[in-house]
Amino acid sequence: MKTHLTVLSMSLAAIWQPAVAQSTDSKSEVETVVVTAQKRSQSIKEVPVAITVVSATQLERASVKDISDLAKTAAALEFGDPNSNAGPGGSASIRGIGTAVMTISAESSVGVVVDGVPQGSTASGLMLDLARVEVLRGPQGTLFGKNASAGVLNMSTQAPIIGDSGGNVQFEYKGSHGAALRATTNIPINDISALRISGLTERNEGVYHNTYNDKDSLTKNSGARIRYLLKPNSDVTLNLIAEASNTRSENAVFFAPAVATVTNTAGSHHPAAEFAACGVTVSKTNNQVCSDGPELSRAQVRGFSGQLDWNLANGHTLTSITALRKREVGPNTVSIDMSEGYDKVRNYTPYQNVKQFSQELRIASPAKQPIEYVLGAFYASSDVDRDTLTTILPNPVLPSPPVPRSIATDSVEHAKLTTKALFGQTTFRLTDTTNLITGLRYTSDNVSSDYSQSSVVAFDGFSLPATVKTAAGSAHETNVSGKLGLQQTLSKDANVYATLSRGYKGPQIDNESPISAAAGAGSYQGKLVQPEVPTSLELGTKLSFLNRRLDLDLAVFHTKIKDFQEQNCTLTDVGALSCTPINVPNVTSKGFEADVRARPLPQLQIGMSVAVILDTSYPTGFVFDNSNVGGERLLYSPKQKATLSADYSWELPGDYELKLGGDLVYKSRVRYCNLADVECSFRGHTISSLRLGINSPDNKWGVQLYARNLSDTRVPNGIIYPLPGKGAGSGFAYSLGDNSFRRVGVTVDYRF
């Protein structure tokens, strides 16, 4: 890490010197960034919150195509396996704190908000026609609610422009790995309204290869958004947004074995030989699986929202945001065992559906007043339903009975989550240079969940009667969270701030562990997983240098979390993986962050983000699956991470523009599974990407060549232990994505 930063500082020093002598103009300054982190539009330099902002241009340069790609742009942001039950974005972590829990009543520690609407478990994950993404670090519960205990991804889509007609079409060719088509158009309807329509269709191939049928994995994504803007007068603005997305994956959509032992602990499996017999060469660069089952995964998202902004006569702004969203998953079929043979584990999910309604009403005072405030009320209700059929097929060679031929377990779950909240944040301008920030949020949560499990054990010629177990539980929790801060302006180019924030993440109901522990049929009481409550102290400064050619934001933080929500995954007697949520009594996250935005030359733009997270470890003596992980870092929590992007442009004869850019992402070792074994983590590494493009003189068209992950480093999105169906001591498997491979391609843009 030290070497990377030293090289960077030497490079910056070499280019700063000639830049200082140049005259200042708007093309030499760092772009002014406007954010809505405090529910009103403000310059990022004015907001006493640690923020990384990624503009539409930066999103395009970094090739951010789905939500997990955002990890390339913000050092404090990480994502777990995107195929988790939490849905896209649900596995995010900020400053080493996130959610890796699979109960249907669980909520994320990192809130995903798009155009003012919290997505919950209904996020689509597709990054379509965005204006910017704000990564808000640290608890943001005062203004954003209970699922923002670690931070918020606050996204804004491009708004229609009244009176403007135009659009763009982009075609991306990825060679044998797929293609994509994206398009956007802005349609003026009359003098007071406009429409913006955007859509995409893409095809990604070759993340996995199934040796059983000699087919590559294939994922098809499509999506569309229609956004309508009505501004009948200068005081009223209405935004209506409808969106839809579909995802379909087939052929080997689970994990690929990366480490396989000669024999498992019990001696009942020979994992390495079993995979080799099916043509899979197990290694840490392997992307092969061998599945004789149908591999199919489907999901669709639909959403509608309406936002009304009304500027009142006294200068206040009244805002109402109403949203209805749903996400439907399935029918899905996954062969978890990843190979032929015995002790196969097959999952079939007929449906996993989420419906969510939310309503926010708030009023904001005029800006730049002695007392500036936002007051509001929020309501949300979610219904979650899931049906999962897991079938285990033991060794067919062994006599039956006593060995079953199959064990089929059908689990049907339902959860309902309701939250009501009142919130407010006030800035008192004590002097021209000193602000006092105070905020409170009162939350009332209700969560209920019921679970029904029916298991049938079949032998040769007969089956035992079904064993039916049920469990249910409910909880009502209230919480008061808030924020207290002080901000001091030192000059027009420098300010410092200190904030104390308390967040809140709602409770869960654990029905699976009492059912798993029960010896026979019956009804059981679900267990309460306590709310997660973080308390964070943050000190920061926001600085500008060299006539705004360099912006530097620094922050140090210390967050202590009470009852951190985790999950403990263990093997059942028949080799299936069972995960149950738990509370970790105390977890601490502390460290240092820096964001750099620089324009040393008019033609050169540089962005950098650094995070050093000193401590996100489990308490001493804490045990997961009979393994002491005390002192081990939390999952998805690198100690050091840095992102760097740079883009340089030249004017060519004929007024053509040539652009050269690149990205670097450095990450120290990261743990992906809860076992005190080095194989549960992935080594420190650096991922580099390059791009070279040309634009026409009138900017009507552009062509760009790119190469991503130049070293072809097989970075996993998740690691699972043991190999499902192979028993304890069998090995480890990697979840892979497009980011795990070198990708070379070309994009062609046409603007009209």
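Among the residues of the stretch 124-138, just one is part of a loop (DSSP other than H, G, I, E, B) and under 14 Å from Val47 (Cβ atoms), namely Gly138. Looking only at residues of the stretch 425-443 that are surrounded by 19 or more Cβ atoms within 10 Å (Cβ to Cβ) and of a type outside the set (S, T, N, Q), we find that the one that is farthest from Phe144 (Cα to Cα) is Ile437.
Report yes if some residue within the stretch 225-244 is closer than 28 Å to Val334 by Cβ, touching a Lys or Arg at 6+ places or on another chain (Cβ under 8 Å) and surrounded by 22 or more Cβ atoms within 10 Å (Cβ to Cβ); otherwise report no. Within the stretch 225-244, one or more residues are closer than 28 Å to Val334 by Cβ, touching a Lys or Arg at 6+ places or on another chain (Cβ under 8 Å) and surrounded by 22 or more Cβ atoms within 10 Å (Cβ to Cβ). Within the stretch 612-622, does at least one residue satisfy the condition of being assigned to a strand (DSSP E or B), in contact with an Asp or Glu (Cβ under 7 Å, 6 or more places away or on another chain), in contact (Cβ under 8 Å) with a residue 40 or more places away in the chain and surrounded by 22 or more Cβ atoms within 10 Å (Cβ to Cβ)? No: the stretch 612-622 contains no residue that is assigned to a strand (DSSP E or B), in contact with an Asp or Glu (Cβ under 7 Å, 6 or more places away or on another chain), in contact (Cβ under 8 Å) with a residue 40 or more places away in the chain and surrounded by 22 or more Cβ atoms within 10 Å (Cβ to Cβ).
Just to be sure, is Val587 within 26 Å of Ser544 (Cβ to Cβ) and either part of a strand (DSSP E or B) or out of contact with any helix residue (DSSP H, G or I) (no Cβ under 8 Å at 6 or more places or on another chain) (or both)? So Val587 fails the test.
All of Ala183, Ala159 fail the test of being at pLDDT 95 or above and either in contact with a helix residue (DSSP H, G or I) (Cβ under 8 Å, 6 or more places away or on another chain) or assigned to a strand (DSSP E or B) (or both), apart from Ala183.
Of all residues in the stretch 50-64, none are crowded, with 21+ Cβ neighbours inside 10 Å, at pLDDT below 90 and closer than 14 Å to Asn717 by Cα. For the stretch 502-559, the strands (runs of 3 or more DSSP E) that sit wholly inside it and include 2 or more residues that are at pLDDT 95 or above are 522-525, 533-545. Mind listing whichever residues of the stretch 587-603 are in contact (Cβ under 8 Å) with a residue 60 or more places away in the chain and either hydroxyl-bearing (Ser, Thr, Tyr) or crowded, with 18+ Cβ neighbours inside 10 Å (or both)? Val587, Ser589, Gly591, Glu593, Asp595, Arg597, Ala598, Arg599, Pro600, Leu601, listed by residue number.
Only residues that are surrounded by fewer than 17 Cβ atoms within 10 Å (Cβ to Cβ), farther than 27 Å from Lys220 by Cα and not aliphatic (A, V, I, L, M) were counted across the stretch 145-169, and they come to 4. So is Leu571 surrounded by fewer than 22 Cβ atoms within 10 Å (Cβ to Cβ), over 30 Å from Arg346 (Cβ atoms) and either touching a helix residue (DSSP H, G or I) at 6+ places or on another chain (Cβ under 8 Å) or modelled with pLDDT under 90 (or both) or not? Judged against the criteria, Leu571 is not a match. Here Asn395 fulfils each of the conditions (1) assigned to a strand (DSSP E or B); (2) over 30 Å from Ala377 (Cα atoms) apart from (1). Taking the stretch 636-665 as the range and being outside any loop (DSSP other than H, G, I, E, B), surrounded by 19 or more Cβ atoms within 10 Å (Cβ to Cβ) and among the polar types (S, T, N, Q) as the test, the residues that pass are Gln640, Thr643, Ser645.
Being within 24 Å of Leu318 (Cα to Cα) and touching a residue at least 24 places away in the same chain (Cβ under 8 Å): is that true of Leu389 here? No; evaluated as a whole, the condition is false for this residue. When you scan the stretch 381-401, how many residues do you find that are buried (at least 16 other Cβ atoms within 10 Å of the Cβ), closer than 30 Å to Gln119 by Cβ and among the hydroxyl-bearing types (Ser, Thr, Tyr)? Summing the residues that are buried (at least 16 other Cβ atoms within 10 Å of the Cβ), closer than 30 Å to Gln119 by Cβ and among the hydroxyl-bearing types (Ser, Thr, Tyr) in the stretch 381-401 gives 3. For Ala266, the test of being farther than 30 Å from Arg327 by Cα and among the small types (Gly, Ala, Ser) is passed.
Scanning the stretch 341-378 for residues that are in a loop (DSSP other than H, G, I, E, B), farther than 30 Å from Ala252 by Cα and not charged (D, E, K, R) returns Ser365, Pro366, Ala367, Gln369, Pro370. Of the residues Glu107, Glu172, the single one that is buried (at least 24 other Cβ atoms within 10 Å of the Cβ) and either modelled with pLDDT of 95 or more or not hydrophobic (A, V, I, L, M, F, W, C) (or both) is Glu107.
Of everything listed in (1) farther than 23 Å from Asp337 by Cβ; (2) outside any strand (DSSP E or B), the single unmet condition for Ser268 is (1).
Within the stretch 344-365, if we keep just the residues that are closer than 30 Å to Gln38 by Cα and of a type in the set (Ser, Thr, Tyr), the residue that is surrounded by the fewest Cβ atoms within 10 Å (Cβ to Cβ) turns out to be Ser365.
The values are calculated or read from the model by the stated rules, or taken from the named source; none is laboratory data. Predicted, not measured: the structure shown is a model, and the values here were computed from it. All Cβ positions, even for glycine, are placed from backbone atoms using ideal geometry, and neighbour counts span all protein chains on display.
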